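The values are calculated or read from the model by the stated rules, or taken from the named source; none is laboratory data. Everything numeric in this text was worked out from a predicted model, so none of it was measured. Heads up, the Cβs are rebuilt from the backbone with ideal geometry, glycines too, and the neighbour counts pull from every protein chain shown. Surface accessibility is based on the protein's heavy atoms, side chains included, excluding ligands, DNA and RNA. Shrake-Rupley method; radii C 1.70, N 1.55, O 1.52, S 1.80 Å.
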Amino acid sequence: MTLSVKSKPYIIPEYSLTGDLLSYQACGLQYRYQNRGALPPSTPVQLWFGEFIHGVMEEAYKTWHEGPEALRFPLVWKDEIRVIEMNVNRRLRAKGLLPPPRLFCPYDETMETEGFCPDVNHPHKFLASKRTEAAINTWGPHLFPLIDNAEVKLKGCRDLVGYQPGVHRAQTYSVTGVVDVLSAVSMERAQTGNLILHYINTHQEIRAIIDDLLSLDYEIIIDYKGMRRPPMYLRPGVSNPTWEAHAWQVLTYAWLRSRQKDAQRPVAGIIFYLNELVPSAEDIRDLKIETKAGLTDILPTSRADKQALARWRKGSKGDALSANLREQRSIRLIPITEKRQQESLQAFDAVVKDIENSIAREMKCGSIQGCWKPNPQDKTCKACSFKIYCPAVKGKYPMSIP
Ligand code: SF4
Ligand SMILES: [Zn+2]
């Protein structure tokens, strides 16, 4: 009797646009330690805030959608927004994501001790809460009425470029993401003075794409980011991979969305960089540097903003900039064209190929450090939990004893 051999389970590697593409681009070695190892980073501030603000915007939309009459903008933080924040915090906690101390107060009035806060007067409105309040009240009144489909799950399969049997894990990979979708119909119905429509209508390239369409069958996809607007360039003439990767992300989302049954043609993507609404002192310092070197696309134009930035010194307050500039810097529009979409898909394929090649190398030689590319950049490395034993920055960040 011959026994049949059980075939190996067929796996299709799954890649998420934010979790994989963007973090691999930031640093391949850090990505390996964080996402593919058992070691969670000890201070995932950006990870926590990114998930938190996304969750808050989604939950605020749902609450508004269930009873728009009951919820009038601007929402009051303590009475209306706080309950949303606490729900999202509970969900993140269940996933093992804990809020960094002094960024978010996780307690209510019943907490009798200080916990991680400076005193017992909970709830405290720390920076994360100032940002959720600004995000909901700045964009909610304009954005929520235009959303037609919230939290649309996107998934698609692509061939692994350069697949070699016996070397790579699978011939295809899947790519996933979640977006909110605005429809042309809801945009047509919008009240005059809608800020999102203003930005769309004054964007020449997007306006031209819409004007060329024969019908109203189009969509706009939305993504929220709990970060500041990245500069377009790292140095004069050197483009910033993060800036480009955000555009690819939206373009890939658009490709995935356009393949769904109920989809219309996506004509643009909007990314909200929500930290821009309440910049920290460090954010303003970075803006000052980027403005001076001409690295960022949205610059202060009013006299007051130019002066505020010129006068800004270390130790100055973070709220020096006008609401207008903060709003402009918090929204980025990306026109969606066939050509750009193909370029972004190729770029995404190339990143996945790189990751799969690193996995194949590691499986063969068993060493992490020799198989994953580090990308030492002071800002990323400073916040990296693995800097002490990373060979790329050996000795640069000595261990500090708390
Ligand atoms: S210390 Fe820097 S180069 Fe090393 S893994 Fe961390 S981010 Fe990458
Ligand atoms: Zn507190």
Inset, instruction - Search the structure for amide H atoms under 5 Å from the amide H of Asp297, placed 1.01 Å from N in the peptide plane, and list their residues when 5 or more places away or on another chain. - result: Met232
Inset, instruction - Using Cα pairs closer than 8 Å and at least 6 residues apart in sequence, work out the relative contact order for region 248-381, in percent. - result: 34
Inset, instruction - Roll a 1.4 angstrom probe over the protein heavy atoms and tell me the percent of accessible area of the chain that is carbon or sulfur. - result: 54
Inset, instruction - Quick one: which residues, 5+ away or cross-chain, put their amide H under 5 Å from the amide H of Asp180? H built at 1.01 Å from N. - result: Glu151, Val152, Ile222
Legend entry - the chain: calculated mean residue ellipticity at 222 nm from DSSP helix runs of at least 4, using -39500 (n - 2.57): -13000 deg cm²/dmol
Legend entry - Phi-based couplings in Hz for region 274-288 (Karplus 6.51, -1.76, 1.60; Gly and Pro marked x): 6, 5, 4, 5, 9, x, 7, 4, 5, 4, 5, 4, 5, 5, 4
Legend entry - Segments 257-266, 209-218 sorted - mean Cβ within 10 Å per residue, highest first: 257-266, 209-218
Inset, instruction - Would you kindly derive the ³J(HN,Hα) couplings of region 342-353 from the backbone phi angles with the Karplus curve 6.51 cos²θ - 1.76 cosθ + 1.60 (θ = phi - 60°), listing them in order in whole Hz, with x for Gly and Pro? - result: 5, 4, 5, 5, 5, 5, 5, 4, 5, 5, 4, 4
Inset, instruction - Largest first and to the nearest Å, give the Cα extent of the chain along each principal axis. - result: 76, 64, 49
Inset, instruction - Among DSSP beta bridges whose residues both lie in region 14-354, state the antiparallel percentage, nearest 5. - result: 65
Legend entry - Amide H contacts under 5 Å for Glu14, placed H, 5+ residues apart: Ser174
Legend entry - Ordering of 173-181, 362-370 by packing [mean C-beta count within 10 Å, highest first]: 173-181, 362-370
Inset, instruction - Using the Karplus curve 6.51 cos²θ - 1.76 cosθ + 1.60 with θ = phi - 60°, work out ³J(HN,Hα) for each residue of region 185-198 in order, rounded to whole Hz, and write x for Gly and Pro. - result: 4, 5, 5, 5, 7, 4, 6, 5, x, 5, 5, 5, 4, 4
